[in-house]
Amino acid sequence: MAKINIVHLQTLCHIAQLGSFQAAADHMYTTQPTVSVRMRELEGRLGFPVFHKRGRKMDLTTQGRELVQQIKPLLAAIDDVIYSLDDASHASGLICLGIAGLVGQTWFPDFIGAVRTAMPQLSFDVEVGQTSLSVSKLEAGHLDLVFMATPSLTSDKFHVEPLGEIDVVLVGAPSLVGQINGRSEESWLDLLGSRPLWSLSKESPMYPVLMKVIKEHNLRIKVDICSNIVTLKQLICSGAGVGLMSYPLIKSELERGELVVLKDAPAFPRISFNAAWGMDQSQTVIRKLVRIARAVSTFH
């Protein structure tokens, strides 16, 4: 009878995280039949099934779930020991990474370049998405690490480290709001009452900031929604309306006079961005990635 080794346990955890033998095989750069053999060997040695099949998805049995909960922290600790004794350049594997659109539009290419230099054998599956969806996938184990505006994450489930803060400003195109010394001709209150107002989706951290100001000033206006930050910038630059935008994304447009800040607009609270990852993730490799992200981040 085959002895249980660390590969059996790693395979078990990958199937539990990814939901199928094939997905685990892809993640581990092996074949589905190889994964099946490993699980038969594991179950034969344990004497009980660890999975039962529901359609195309593999669900853990009660005993399998208990086993995974016990061995995941042990595997993470083993990874930490190995990588602490090894050169970072030898780290390999696939990192599933979720990032905010603003991160992708600013310093993320520099991050990837720095990682390629420090850990050239790592590969990435990058997902650009909304904060709430990415956090859900992080909690479910479908993402290893996220770079997001994540103020609601709790420390009992995740490690969280700051990546900096950004300013947000109300802006519009000169063709729509006029321009005097880099500001709109009319006040922001008059413009919000007479021009279309755009915002990122309700899941965006900027949406509640904007809605709070609208409520505080008793404004009865509708807000148009766009879920893509680049498309939102294009809409506002084209004169389709005014909107609350992140300063790093529109800095060049402000400098070129393609956008102007709305006159007398209030100072909005800064938006914090963080790196977050699960408690059971290998700490050494993830922390090295986070250190690189903090070094290259243009958020302050």
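The values are calculated or read from the model by the stated rules, or taken from the named source; none is laboratory data. Because the structure is predicted, anything quoted here is derived from the model rather than measured. Methodologically, a virtual Cβ is constructed for each residue, glycine included, from the backbone with ideal geometry; neighbour enumeration extends over all protein chains shown. Side chains included, ligands, DNA and RNA excluded: accessible areas come from the protein's heavy atoms. Shrake-Rupley method; radii C 1.70, N 1.55, O 1.52, S 1.80 Å.
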Handout entry: Test result for L138, on the phi < 0 side of the Ramachandran plot, aliphatic (A, V, I, L, M), assigned to a helix (DSSP H, G or I) and open to solvent by less than 40 Å² (accessible area, probe 1.4 Å)
Key = yes
Practice task
Would you mention how many residues in region 188-231 are open to solvent by less than 30 Å² (accessible area, probe 1.4 Å) and either in a strand (DSSP E or B) or on the phi > 0 side of the Ramachandran plot (or both)?
Solution key: 4
Handout entry: A25 being touching a strand residue (DSSP E or B) at 6+ places or on another chain (Cβ under 7 Å) and among the small types (G, A, S)
Key = no
Practice task
Kindly indicate whether L143 is over 17 Å from G239 (Cβ atoms) and surrounded by 15 or more Cβ atoms within 10 Å (Cβ to Cβ).
Solution key: yes
Practice task
Return the residue satisfying two criteria in turn: it lies in region 283-294 and is of a type outside the set (V, I, T) and open to solvent by less than 20 Å² (accessible area, probe 1.4 Å), and of such residues it is modelled with the highest pLDDT.
Solution key: A293
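Residues are listed down the side, and each one gets a yes or a no for (1) out of contact with any Ser or Thr (no Cβ under 6 Å at 6 or more places or on another chain); (2) closer than 26 Å to I95 by Cβ; (3) open to solvent by 30 Å² or more (accessible area, probe 1.4 Å):
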residue: K3; (1), (2), (3): yes, no, yes
residue: I6; (1), (2), (3): yes, yes, yes
residue: Q10; (1), (2), (3): yes, yes, yes
residue: H14; (1), (2), (3): yes, yes, yes
residue: L18; (1), (2), (3): yes, yes, yes
residue: D26; (1), (2), (3): yes, yes, yes
residue: T30; (1), (2), (3): yes, yes, yes
residue: S36; (1), (2), (3): yes, yes, no
residue: L42; (1), (2), (3): yes, yes, no
